[in-house]
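Taking it in order: structure first as structure tokens, then the write-up.
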Amino acid sequence: MVADALSRKRTHMSSKTLKGLELLENFRDLDLNLDSLLGKVQCGMIVVDNKLMNEIKALQATNEVIQGRRKLVETSKAPEFEMGSDNILWCNKRICVPDNAELRKTILDEAHKSKLSIHPGATKMYKDLKQKFWWPGMKKQVAEYVASFLTCQKAKVEHQKHV
């Protein structure tokens with residue numbers, strides 16, 4: 001049995017933006033003593049800086065809905081939410097993305113246009129995104145985003161013809 005290139009592709013999103021998140025997670029798993037300096041992680045001579053995380057953190061700080069959820073966390077009224085040591089709000093171990101169209105579009109663009117994912121359908125893209133991110137209505141927004149691409153719609157029709 002010979003596997004084609006698509007069946008060998010990685011099961012999670014692979015993009016420049018999300019690689020930073022994965023690197024941070026890998027460093028945490030190593031249980032090293034790391035010094036955190038203004039949104040950067042320093043380990044010896046290696047410095048990891050994640051622009052997306054810094055942007056999310058800044059937007060969370062000014063978002064009224066996120067601030068309301070933070071207050072619920074402080075009073076233990078929202079067990080699915082927690083504040084990370086990085087002062088970022090998480091929902092069931094996923095990053096809470098504030099209601100910011102530009103930020104969400106950046107995340108959707110990165111997930112959809114990754115060279116390894118080759119224009120994933122809405123289901124695959126949602127499964128990939130929900131591993132790291134959460135926002136209300138995310139599934140619907142992913143479906144609408146994918147539906148806006150003619151290439152994806154043509155591929156969907158071609159796959160349905162062969163079934």
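The values are calculated or read from the model by the stated rules, or taken from the named source; none is laboratory data. Keep in mind the model is a prediction, meaning the values are calculated, not measured. As a convention, Cβ positions derive from the backbone with ideal geometry for all residues, glycine included, and neighbour counts pool all protein chains shown.
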Kindly indicate whether Gln67 is within 30 Å of Gly137 (Cα to Cα), buried (at least 16 other Cβ atoms within 10 Å of the Cβ) and modelled with pLDDT of 90 or more. no
Does Trp90 satisfy being touching a Lys or Arg at 6+ places or on another chain (Cβ under 8 Å) and modelled with pLDDT of 95 or more? no
Checking Pro98, Pro79 in turn, the sole residue that is more than 29 Å from Ala147 (Cα to Cα), part of a loop (DSSP other than H, G, I, E, B) and not small (Gly, Ala, Ser) turns out to be Pro79
